[in-house]
1. Count, please, the residues in segment 223-259 that happen to be outside any strand (DSSP E or B), within 19 Å of the chain's Cα centre (by Cα) and not charged (D, E, K, R).
2. Which ranges mark the helices (runs of 4 or more DSSP H) fully within segment 67-132 that have 3 or more residues being outside the structural domain of Pro167 (by TED's automatic domain parsing), over 30 Å from Gly165 (Cβ atoms) and not acidic (Asp, Glu)?
3. Looking only at segment 287-308, count how many residues are in a loop (DSSP other than H, G, I, E, B) and of a type in the set (A, V, I, L, M, F, W, C).
4. Given the options Gly147, Gly165, name the one that is at pLDDT below 90 and either touching a strand residue (DSSP E or B) at 6+ places or on another chain (Cβ under 7 Å) or surrounded by fewer than 20 Cβ atoms within 10 Å (Cβ to Cβ) (or both).
5. Take segment 395-429 and flag every residue that is within 26 Å of the chain's Cα centre (by Cα), part of a loop (DSSP other than H, G, I, E, B) and not small (Gly, Ala, Ser).
6. Test of understanding: among Leu220, Leu198, which residue is in contact with a strand residue (DSSP E or B) (Cβ under 9 Å, 6 or more places away or on another chain), modelled with pLDDT of 95 or more and under 30 Å from Gly30 (Cβ atoms)?
7. In the set Pro365, Pro442, Pro359, which member is closer than 18 Å to Ala225 by Cα and in contact with a Pro (Cβ under 6 Å, 6 or more places away or on another chain)?
Amino acid sequence: MATRRVPDRVAVFAHVPDQAEGAHQFVPAGLLDREKAATDQRTVSFAYGTRYVKRPEAFEVDPLALNLAKARENPGTRRYPLPAVGEFGGIRDAAPDAWGRRVIEAQLHAAPNSLDEFTYLLEAGSDRVGALDVRERLDTPPRQAAGNMLGLPYLLQAAAAVEAGEPIPANLLPYLGGAPSAGGARPKASVRDEQGVLWLAKFPAKNDAYNLAIVEAGALELARAAGLTVPPVRIIAVGDHPVLLIRRFDRFWAPAGQPLTAMARGYDTEPQEGFTEGRIPQVSALTLMACPEMESIAKGYKDLAQTIREQVHPQCIARDNEELFARMVLNIFVTNDDDHLRNHAFSYDAQLQGWRLSPLYDVVPRPSASQERRLHLSVGTQGKLATLDNAMSEFAAFVPDRPAALGVIRRVWGAVRSWKTVFEAQGATPSLIRILEQAIRPLNEIASAKLEHELRRTI
């Protein structure tokens, strides 16, 4: 295959509710350049477009490294990543993850991890997470990549070829359009339903020992029952394969050019006459914490709570930190140790002009024979130890007082106590229930006798 020419400058676009034009549309936000540093290493720089910074609906490409107020004071000035991070987190969040990279490599007949980072950025397509797009030039059109539900059988075949490391049959290549932008390591793609609404479709992997679609759907429904913010989910059968569908919460429907109502969630809106699709900017917790990927293992929920106090819109801080505490408690109950900083995110509220905790995603109970379990993020003064006592050791980082913290735990516990009914409603078989019994823990396994007594006490 001929060597691909990779540009040293690419255009970054932002999808905005343009009320003046009466359209939800991409507009040029700025230019991302790759430069040669003094050490002969490559670095990147970014400059906002002078017209973009004047837009009232403009949002920051990177909330920490690319401040819009500073750009308005000095139009056209090139900015560099924060020294501790080394890259623009907001743009990193628009890049494909492990699965998306595998799809791109398969499409381009490239070896694993052999492509230039700008190539991965450019090939991710315009249906990527959030409201950014990266294109080769300012006049390059968007790629409307996601297919529809009718193409799912072919999409599964193409995804299976990618997973197996086999060549993708030419007739299946068109069906992979919505796959490069999907995050995580497991097979998935974005697809549109009959109304045009965008969903994330998660496919079974070849080495799955049990039905992970039911496991994840059940966990999300448990979270919903506990009062957490969860997008709509459903499971469909594609031939013999269960596919989990999760409504994309970074999209909304509104009159052309109008922003989403303040504090609303995009998945609560539906297409109707005169409405068009808007996009909600998203950043990972890594980005809002200015945390390098390699250092995330040392972070904890308390650090994330502090970031919420510092970076989230004031109207959302108390609610978001209480929800974060509830998510940590849920993860302890269900043994979800995939709670790393890429699996926590923030959504931009265009009306408030500030960030808020995104809806919950990627909650997958993991069966374990171990009595002592740990989460990925630190829980409390005993580090990552997944117990409610450890969670309570630093409750003041999340809620006003101890009774409030106990109330959150009781609420989550109240939902988890009915977990078998919830999972059976999603189609869990008796054998799957037996597997989940090794993941979802009773109160007495994760709370000391004293704390258990306190939680059971009627108030």
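1. Going through segment 223-259 one residue at a time, the tally reaches 7.
2. Correct list: 68-73.
3. Residues in segment 287-308 being in a loop (DSSP other than H, G, I, E, B) and of a type in the set (A, V, I, L, M, F, W, C): 3 in total.
4. Details: Gly165 fails: at pLDDT below 90.
Matching residue, one of Gly147, Gly165: Gly147.
5. Phe398, Val399, Gln426
6. After ruling out the rest, the residue left standing is Leu198.
7. Checking each option against the conditions leaves just Pro359.
Yes/no per residue for (1) at pLDDT 95 or above; (2) surrounded by fewer than 19 Cβ atoms within 10 Å (Cβ to Cβ); (3) of a type in the set (Phe, Trp, Tyr):
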position: Thr3; (1), (2), (3): no, yes, no
position: Gln41; (1), (2), (3): no, yes, no
position: Phe59; (1), (2), (3): yes, no, yes
position: Pro63; (1), (2), (3): yes, no, no
position: Asn74; (1), (2), (3): no, yes, no
position: Thr77; (1), (2), (3): no, yes, no
position: Val85; (1), (2), (3): no, no, no
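The values are calculated or read from the model by the stated rules, or taken from the named source; none is laboratory data. Model, not experiment: these values are computed from the prediction. When we count neighbours, we look across all protein chains shown, and the Cβ atoms used for this are built from the backbone with ideal geometry, even at glycine.
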